[in-house]
Each structure stands twice: as C-alpha cells, then as structure tokens.
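Report on the following structure.
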Amino acid sequence: MPKVLEQTLKGDRKSRIPVWFMRQAGRYLPEYRKIRQKYDHFLDFCFSPRSACEVTLQPLKRFDLDAAILFSDILVIPYALGQTVSFIKDKGPLLKNFNEIQLKYNPSKLSPVFEAIHLIKDQLPKNKSLIGFCGAPWTIATYMIEGQGSKTYQKTKSFAYLHAQEFSALLELLAQVSADYLIRQIEAGVDVVKIFDSWAGAVPAECFDEWVIQPTRIIVNEVKKIYPYIPIMGFPKGVGLFYQDYLKTGVDAITLDPSVPRLWALENLSQHVVLQGGLDPIVVLTRGKYLDQQIDTLLNTFTTVPYIFNLGHGFVPETPIENVEYIIHRIRSFEKSCEQLLSCSI
Ligand code: CP3
C-alpha cells in the first residue's frame, strides 16, 4: 500500500499532504497522561514495550495523521553509554557525573525499544509510516556534559574549547553509536528516521562544520551504507542561514523551525531536500488570524514542491486537542480546493 509520507520523502509531490507532529504523543492527550501516571520514572515508561507501543499509536487513533513516531527519548543514548539519566517532574532531564563514566556502549540496554517497534509495526495501519529517531551528537553532548538542559551551554562549550580533541572524540563516538542505534531501529521495522539537533542554534559559526555537519554526516553515511533507501530527516533547530550549510549532511529532508523565512527555504533548500514543518507550536494554543495565517503561508508557499506538514518544534502540554483537529481539517480542505482547481482547469 502506498505510504504518502515515504512517497513525499522520495520527492513525489502528492495531492495528499503528509501530516504528523513533533510530540504528537504527549501530555496534551488525556489518554497519554493516564498511562504516564503508572510510571514514576520516565525511562521505565519508554522501556516498557507495550506502553511505548500504545502511546505511539494513540495520536493516530484520534487524528487523520500519516505517520507514527516511536515513543522514546533521545536521552536513551547517554543511558546506553552508562550515564545515569532521570527525568524530574516539571524540571526536565537530569544526567549524572559525566566525568566519572567510562562511556561504554551497551546496545542490549536498548532492546525494549526494538521490541516496541515490532509491536507497533504489527498494529500500525499499512498506509502509515513509522518514524524512528535519535538525537544529533551535539545536542546529546550538551545533555551529557551539562547534566541537564541549559541556556548558555557553558560547560559543554568550555569543554569543547579547552579539550578540543576529547570533544571531537566524544562527537565521533556519539555519531557511531547513534548510527548503530538507527540501523537497529530500521532492522526492527521503522520506515524513516529523524536526527534531532534541537540545540544546534547555540553552536558558533566557526564550529558549525565540526560540531554539527561532520558528526551528522557520519550518521547519514553509516546508515545509508546499509539502508540506502531509508529516508533520513534532519532538524537543525535555530541555525538560521546555516540551514543551507546543513544540506552537506546528506539528509533527505529538513524540518524548518518557525523562524525560517518560508520563501527563503523554497528558493534555497527545496531543490535539494524535502521540506517539512515550520508551524509555531505556540500559535497552536490560539485560534484566529495568526494560526490561519501560519498554516496557509506554509501550504501556499510549498504547493509546488514535496512538503510534509509539521510543527517547528514539539507540541506543549497545554495544546488544545480541538486546535490539532482544526489544523488537520484546514490542511485537508486546502487539498480539496487544490483538486477542484486542477479539475476545473482541465
Ligand atoms: O511524540 C514524539 O515526538 C515522540 C517521542 C519523543 C519524546 N522526546 C518524548 C518525550 C521524542 C522524539 C523526543 C525527543 C527529544 N527529547 C528531544 C528532541 C526534540 C525536541 O523536543 O527538541 C529532546 C531535546 C529531548 C529531551 C527531553 N525529553 C526533554 C528536554 C524533556 C523534558 C521536557 C518536556 O518536554 O517534558 C523530555 C521528556 C519527554 N520526552 C516527554 C515526552 C513525551 C515528557 C515527559 C513526561 O511525560 O513526563
């Protein structure tokens, strides 16, 4: 059965615009919160194959989406490398003692993820795609070194500047391990993979090649060596003009953050990669002119090129479910009006 997300990722512009959302399974859904409360520790939840499968499929039961994204987290990689990872309620991730760990990769710690993928694939409708993912080396390194989220990335950058060789070895290790992790996800059944570089916008221009492009390119090359036809999506959030440089990573698709000018992306990126995303997740909290404007600009700018509808970052927990339904409805109505226009002009 044709899967519109994968067809679009291969460069085909279809009349149906594929839609999925970052954090489509999450706290804004009551059915997610219900399962979430069974677990004290977020990683126990991620590593329970049956719960992970169930929440992965939840948004597809509610909404007319074209893909599921594996329910897990990018921080399972530091965990598989031997670092203690926990998630503190209302505060976010906490990682312990970067200086004291040996950094030894144990992929068997990730086996519940692959088990979850098997379960999901058994139940996922055949016309929908399953997206697997990992964090990019820079973003993972920031969590490992800071021990938590950060505004300044002071520890990570100081380490990188003062111990350049060690930092570059860390990025290389993370790239190899992440490639292995994606390859195992594909073996288990994911159809597409995505590399999240959520904090790439904090990298200084002079370091962009070394900290972002090169490590990401290692992941892309390693995965493509074994699975040349599996589409790879990249998300270099917040990098401005460096979105164009990011093309050098060899990814097949790029997610736009909300600040990327749509026409600039059309003119400078769309000839080389499939474009995805862009909608401000915060405008989704509202209804009215701004939400409509942002949806319509994306749809109208990318009418002639392969485009995947998505946000420019993940849904926040306060997102009203009706607004998600509304966005999808607006996209499907746009498709219908395009079809009518086409049939009138014949
Ligand atoms: O639906 C999906 O998008 C799939 C699942 C997914 C999660 N995290 C679930 C999650 C994915 C793809 C991620 C990736 C992820 N995790 C990123 C990259 C994308 C991005 O958002 O920038 C990053 C930076 C992380 C690290 C992370 N995980 C943080 C900072 C937090 C705490 C902040 C928050 O949103 O709560 C998490 C926890 C997390 N990961 C939650 C979910 C649904 C919320 C935890 C909970 O339910 O208690």
Discussion item. So if I restrict to the alpha-carbon atoms in the stretch 218-342, what is the Rg, and what is Dmax, the biggest pairwise distance, in Å?
Written reply: 15.6, 47
Worksheet item: Looking only at Cα atoms, what is the convex hull volume of the stretch 172-248 per residue, in Å³?
Response: 82 Å³
Response to the item:
Ratio for the stretch 46-201, C-alpha Rg to 2.2 N^0.38 Å, reads 1.09
Worksheet item: Distance from the Cα centre of the stretch 137-170 to that of the stretch 200-250, in angstrom?
Response: 17 Å
Worksheet entry | Listed pairs LYS224/LYS336; LYS38/LYS121; LYS61/LYS248 exceeding 29 Å between Cα atoms | LYS224/LYS336; LYS61/LYS248
Worksheet item: Any idea how far the Cα center of the stretch 300-327 sits from the one of the stretch 1-52, in Å?
Response: 14 Å
Item to complete: Please report, to two decimal places, log10 I(q)/I(0) for the stretch 80-163 at q = 0.22 Å⁻¹ as given by the Debye formula with identical point scatterers on the Cα atoms and no solvent.
Response: -1.13
Worksheet item: What Kirkwood radius, in Å to one decimal, follows from the Cα pairs of the chain?
Response: 20.6 Å
Item to complete: With a 10 Å radius around each residue's Cβ, average the other Cβ atoms per peptide and rank 64-73, 10-19, highest first.
Response: 64-73, 10-19
Worksheet item: Hey, got the dipole for the chain? About the Cα centre, +1 on K and R Cβ, -1 on D and E Cβ, debye to the nearest 20?
Response: 680 debye
Worksheet item: Hey, what number do you get for the chain at 222 nm if only DSSP H runs of n ≥ 4 count, each worth -39500 (n - 2.57), divided across all residues, to the nearest 500?
Response: -13500 deg cm²/dmol
Worksheet item: Leaving out ligands, DNA and RNA but keeping every protein chain, what accessible area does HIS329 have, in Å² rounded to the nearest 10, with a 1.4 Å probe?
Response: 120 Å²
Practice prompt. Check every DSSP H run in the chain and write down those whose alpha carbon atoms cover 24 angstrom or more along the long axis and whose mean Kyte-Doolittle hydropathy is -0.5 or greater.
Written response: 164-188, 321-345
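The values are calculated or read from the model by the stated rules, or taken from the named source; none is laboratory data. If you're wondering where the values come from, they're calculated on a predicted model, not measured in any experiment. All Cβ positions, even for glycine, are placed from backbone atoms using ideal geometry, and neighbour counts span all protein chains on display. Ligands, DNA and RNA are stripped out before the accessible areas are found, and what is left, the full protein with its side chains, is counted by its heavy atoms. Shrake-Rupley method; radii C 1.70, N 1.55, O 1.52, S 1.80 Å.
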